[in-house]
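The values are calculated or read from the model by the stated rules, or taken from the named source; none is laboratory data. No experiment lies behind these values; they were computed from the predicted model shown. In this analysis, Cβ positions are derived from the backbone assuming ideal geometry, glycine residues included, and neighbour counts consider all displayed protein chains.
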Amino acid sequence: MTFQELHISSPILKALYDKQYLEPTPIQQQTIPAAISGRDILGIAQTGTGKTAAFAIPILEQLKDNEISKHCMIRALILTPTRELAIQIDECIEEYSKYLFLQHVVIFGGVNQNKQINQLCRGVDILTATPGRLLDFIGQGIISLSDINLFVLDEADRMLDMGFIHDIRRILPLLPQRKQTMFFSATMPAEATAITKKLLHNPLRIEITPVASVVDTIKQNVCFVEKTEKINALVNLLNSEPEEHVLIFSRTKHGADKIARNLSKHHIQCGAIHGNKSQNARQKVLSDFKAGLTKIIVATDIAARGIDIKDLGIVINYDLPDVPETYVHRIGRTGRAGNSGIAFSFCTQEEYPMIKQIQKLTGKRLSQVSIPA
């Protein structure tokens, strides 16, 4: 079945693409039909190309008509290297499964485990996990992988770079022999290739060229700030550009709400859109923005995908993204149809390596600017 045929028959696809005014990305168009049919996938693609939807939607399509899991019988496992990516993936699943009776949980280290254990023991269909916390829970007897029939290994090369190869080698033998596997990696080093040979059965190989170019009409600026001074810098920047339509990116839903509250305290009107907002609430914010009733939107990456406004003058990266490709997608919201645009990126000391990665990817040096006092 083609993507277009699935689009017609799948309520999940229609809700995602029609109601949110999205266009399917190349990796989604190529992966989703094959994955829904049960095919193993070898996807070579960067974060920012839309691959989360490419593997999440087939998982939801295959699980949606089955009985809800009980007693910690996890049916789909998504393994990813970092807490931030795990949270983002789980937020996407929450967004896509809004009207489905499926349970999803995200687990990662660095936080108290009791809340995660309680969530798991209420029953879970889809688990997103980082390797260390997953092995910890397996060792405690809290999690079993024996019922997994869908497995995603995401950001495989990054896993290897971070030293997770031994954890992966411990996890893979605990999975059932018969399962569908989707393997995603930006590059294919020798260790990753070796894993795919053991893990995948007759996979469909899909390779997507990363987006590296940015429109020449976008002026790109970086503002070096202390973390505690970010909100004051934002207020000063917005007050210096009162006539422009502005889109502000936050890394998390909680962060987007916090930014909006802080701007309101400074008498700056704005709207926030993210996965916890209803579709009607997000649509109202977007409609008010397009109509000029509000000129500022604070958004997370997933919620901002449907925003296409020809008069958007400024994009502000309040939080830098986790990968440089996402930066390209973010600032590409401005400077459309031959119009000029400006991008400001707030950068704290710990975020400086990401600025270097962004400049390497785009081949452009960001202009250092100071925020007006």
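Would you check if Ala156 is assigned by TED's automatic domain parsing to the domain that holds Ile59, of a type in the set (A, V, I, L, M) and more than 24 Å from Gly109 (Cα to Cα)?
Answer is no for this residue.
Can you give me the number of residues within the range 5-24 that are more than 15 Å from Ala35 (Cβ to Cβ), modelled with pLDDT of 75 or more and surrounded by 12 or more Cβ atoms within 10 Å (Cβ to Cβ)?
Of the residues in that region, 0 qualify.
Go through (1) of a type in the set (Ser, Thr, Tyr); (2) part of a helix (DSSP H, G or I); (3) more than 21 Å from the chain's Cα centre (by Cα) one by one and return the number of the condition Thr52 breaks.
(3)
Out of all the residues in the range 258-284, which are surrounded by fewer than 20 Cβ atoms within 10 Å (Cβ to Cβ) and in a helix (DSSP H, G or I)?
Lys258, Arg261, Asn262, Ser264, Lys265, Gln279, Asn280, Ala281, Gln283, Lys284
Scanning the range 176-187 for residues that are buried (at least 17 other Cβ atoms within 10 Å of the Cβ) and out of contact with any Lys or Arg (no Cβ under 6 Å at 6 or more places or on another chain), which turns out farthest from Glu207 (Cα to Cα)?
The selected residue is Lys179.
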